[in-house]
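*Asks:* Just passing along the structure, written as C-alpha cells.
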Amino acid sequence: MSDSGLPTYRGSVFGKYAAWTLARLLYRVTITGAEHVPRTGPVILAPNHTGFLDAPLLMGTCPRPVHTLAKKELFKGPLGWLLHGVGQIPLDRDDPSRSMVKSGIGVLDADRVLVVFPEGTRGAGDFSELRTGLAWFALRSGAPVIPVVFTGTASRGRTLGGMPGLRSRVEVVFGRPVTLPAGGGRTRSALDAATEQLREALVAHREAVASRSEERK
C-alpha cells in the first residue's frame, strides 16, 4: 500500500510488464478488443473465471495497469508479499471489509483500473450467477464496466494441474463497455436490477466469444 492507503500504482505497472513478459514466454497469447478499454479515467474489468491463469493473464494483457480484488487466502507468505507488491487488493469474500471497499473505490476515484471477478470464485465461467459487488462498484463510481472472457486458460480442471500446457494458445477478449448511472443503487432492488443488467451484458459477450470460436473450428 502507498502512504495514501491505496495499492501502489508503481507496483501495478511493474506487475503488468512482468506478467506480460511471462505470458509471452509461456503461451501463445491473442488479445482481442483491447480498444474497448478507455485509456483514461476509472474503469472496471469484469472477467469470467475458470482457471488460475486468469488474473495474471489479465494483468499482463490489459492496456493499462490493473488492481485486482483477490481472495485474501492468497495473501500469505511469499505470494502475498508479491501480490501486495504489484498493487493487488485482498478480499474476504464472506465479509467484505471497509478497508477493501475503501481501497477499491479509492482505485476508481484515482482514475485507475479495478478488476472485479463478478462470480466471486473459479467455476464454469458462464456468468450465470453474479454477486452484487460488481454492480455496487459500478453504481458508486460511475465507471464503465468492460466484460472480459478468457479462452484456453482452464481446459483440464480447477486444480493447478488444470493450467494450460506450455505454448498453448490462450485468448483474452475485451467487450464493449457497459455504463450504469452513477449514484444509483441506493436500495437493494436497484442493486439487484443493476446486477441483472450487467449479468445480461456479460453473458451476451461470452456467448459472442463462444460463437466466434465455434466458427473458427
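*Asks:* Within the range 131-149, is even one residue open to solvent by 20 Å² or more (accessible area, probe 1.4 Å), out of contact with any Leu (no Cβ under 6 Å at 6 or more places or on another chain), small (G, A, S) and at pLDDT below 85?
*Replies:* Within the range 131-149, not a single residue is open to solvent by 20 Å² or more (accessible area, probe 1.4 Å), out of contact with any Leu (no Cβ under 6 Å at 6 or more places or on another chain), small (G, A, S) and at pLDDT below 85.
*Asks:* Give the residues of the range 14-23 that are open to solvent by 40 Å² or more (accessible area, probe 1.4 Å) and closer than 25 Å to S103 by Cα, sorted by residue number.
*Replies:* Scanning the range 14-23 gives F14, Y17, W20.
*Asks:* Run down L57, L91 and say which single residue is at pLDDT below 90 and under 27 Å from R176 (Cα atoms).
*Replies:* Sole residue among the options that is at pLDDT below 90 and under 27 Å from R176 (Cα atoms): L91.
*Asks:* Can you find a residue that is surrounded by fewer than 17 Cβ atoms within 10 Å (Cβ to Cβ) and within 26 Å of S168 (Cβ to Cβ) anywhere in the range 80-97?
*Replies:* Within the range 80-97 (the criterion being surrounded by fewer than 17 Cβ atoms within 10 Å (Cβ to Cβ) and within 26 Å of S168 (Cβ to Cβ)), the answer is yes, since at least one residue qualifies.
*Asks:* Can you tell me which condition M100 does not meet? The list is (1) of a type outside the set (S, T, Y); (2) part of a loop (DSSP other than H, G, I, E, B); (3) modelled with pLDDT under 90, and all the others hold.
*Replies:* Against the list (1) of a type outside the set (S, T, Y); (2) part of a loop (DSSP other than H, G, I, E, B); (3) modelled with pLDDT under 90, M100 comes up short only on (2).
Matching residues to (1) open to solvent by less than 40 Å² (accessible area, probe 1.4 Å); (2) modelled with pLDDT under 90; (3) out of contact with any Leu (no Cβ under 8 Å at 6 or more places or on another chain):
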| position | (1), (2), (3) |
| --- | --- |
| G11 | yes, no, yes |
| L25 | no, no, yes |
| T40 | no, no, yes |
| A46 | yes, no, no |
| A70 | yes, yes, no |
| P78 | no, no, yes |
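*Asks:* Let me ask you something else. Out of curiosity, is R156 modelled with pLDDT under 85, open to solvent by 40 Å² or more (accessible area, probe 1.4 Å), in contact with a helix residue (DSSP H, G or I) (Cβ under 6 Å, 6 or more places away or on another chain) and under 28 Å from W20 (Cβ atoms)?
*Replies:* It is true that R156 is modelled with pLDDT under 85, open to solvent by 40 Å² or more (accessible area, probe 1.4 Å), in contact with a helix residue (DSSP H, G or I) (Cβ under 6 Å, 6 or more places away or on another chain) and under 28 Å from W20 (Cβ atoms).
*Asks:* Quick one: R176 ticks every box in (1) crowded, with 16+ Cβ neighbours inside 10 Å; (2) modelled with pLDDT of 95 or more bar one, so which box is it?
*Replies:* Exception for R176: condition (1).
*Asks:* Also, I was wondering about something else. Out of the residues in the range 191-206 that are open to solvent by 60 Å² or more (accessible area, probe 1.4 Å) and within 16 Å of the chain's Cα centre (by Cα), state the one that is nearest to G175 (Cα to Cα).
*Replies:* So the residue we want is R206.
The values are calculated or read from the model by the stated rules, or taken from the named source; none is laboratory data. Everything numeric here is computed off the predicted structure, so don't read it as measured data. All Cβ positions, glycine included, derive from the backbone under ideal geometry; neighbour counts span all protein chains shown. Accessible surface is based on the protein model in full, side chains and every heavy atom, while ligands, DNA and RNA are left aside. Shrake-Rupley method; radii C 1.70, N 1.55, O 1.52, S 1.80 Å.
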